[in-house]
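Working notes, beginning with the structure itself.
A short reminder: the numbers here are calculations on the coordinates, not readings from a lab. None of the values given here were measured: they were computed from a predicted structure. Positions of Cβ are generated from backbone atoms using ideal geometry, with glycine treated the same way; all protein chains shown enter the neighbour counts.
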């Protein structure tokens, strides 16, 4: 179900709790909400729809991907950029990494590892910042 976008900075600055099996419907709501905003959004975290759980969804080169409990475990190639966000007006400066290795769980809660680079890596970092309560 498409959800409203959270704009409350106090809520968005909270660190998210680990996702559990009971939170799988939140992942579907995130996918639905991301699809509804596809013209201006490439990724979302659960707190953006009012749920303080470690769940992100993003456009992975044309196909939406869900990550439960994502953690960046390796990073390289720092750079500075500016990013926008559905939860905020305008753009903000951000420090990012060109390449990241992420440990996460899929929808079956199987642990996975995957390396991402470039634009996709930047999207994931933005959404993991949301999980950490970092205001972008």
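Taking the conditions exactly as written (touching a helix residue (DSSP H, G or I) at 6+ places or on another chain (Cβ under 8 Å), outside any strand (DSSP E or B) and surrounded by fewer than 20 Cβ atoms within 10 Å (Cβ to Cβ)), does residue 6 satisfy them or not?
Working: touching a helix residue (DSSP H, G or I) at 6+ places or on another chain (Cβ under 8 Å): yes; outside any strand (DSSP E or B): yes; surrounded by fewer than 20 Cβ atoms within 10 Å (Cβ to Cβ): yes.
Here the answer is yes, as residue 6 does meet what is asked.
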(request) Just give me the residues in the stretch 87-131 being within 21 Å of residue 12 (Cα to Cα) and surrounded by fewer than 16 Cβ atoms within 10 Å (Cβ to Cβ), in sequence order. (result) 88, 89, 90, 91, 92, 93, 95
(request) Kindly indicate whether residue 135 is assigned to a loop (DSSP other than H, G, I, E, B) and surrounded by fewer than 19 Cβ atoms within 10 Å (Cβ to Cβ). (result) yes
(request) With respect to residue 11, determine if the residue is touching a strand residue (DSSP E or B) at 6+ places or on another chain (Cβ under 9 Å), in contact (Cβ under 8 Å) with a residue 40 or more places away in the chain and over 14 Å from residue 127 (Cβ atoms). (result) no
(request) Please enumerate the residues belonging to the stretch 15-36 that are in contact with a helix residue (DSSP H, G or I) (Cβ under 7 Å, 6 or more places away or on another chain) and part of a loop (DSSP other than H, G, I, E, B). (result) 16
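Hey, among the residues in the stretch 47-63 that are more than 24 Å from residue 89 (Cα to Cα) and touching a residue at least 12 places away in the same chain (Cβ under 8 Å), which one's surrounded by the fewest Cβ atoms within 10 Å (Cβ to Cβ)?
Filtering the stretch 47-63 for residues more than 24 Å from residue 89 (Cα to Cα) gives 60-63.
Those still in the list that are touching a residue at least 12 places away in the same chain (Cβ under 8 Å) too: 60-61.
On the way: 60: 17, 61: 9.
Ranking the qualifying residues of the stretch 47-63, first place goes to 61.
Would you say residue 44 is in contact (Cβ under 8 Å) with a residue 60 or more places away in the chain, within 14 Å of the chain's Cα centre (by Cα) and either in a helix (DSSP H, G or I) or over 18 Å from residue 103 (Cα atoms) (or both)? Can you show your working first?
Values: in contact (Cβ under 8 Å) with a residue 60 or more places away in the chain: yes; within 14 Å of the chain's Cα centre (by Cα): yes; either in a helix (DSSP H, G or I) or over 18 Å from residue 103 (Cα atoms) (or both): no.
No, not satisfied.
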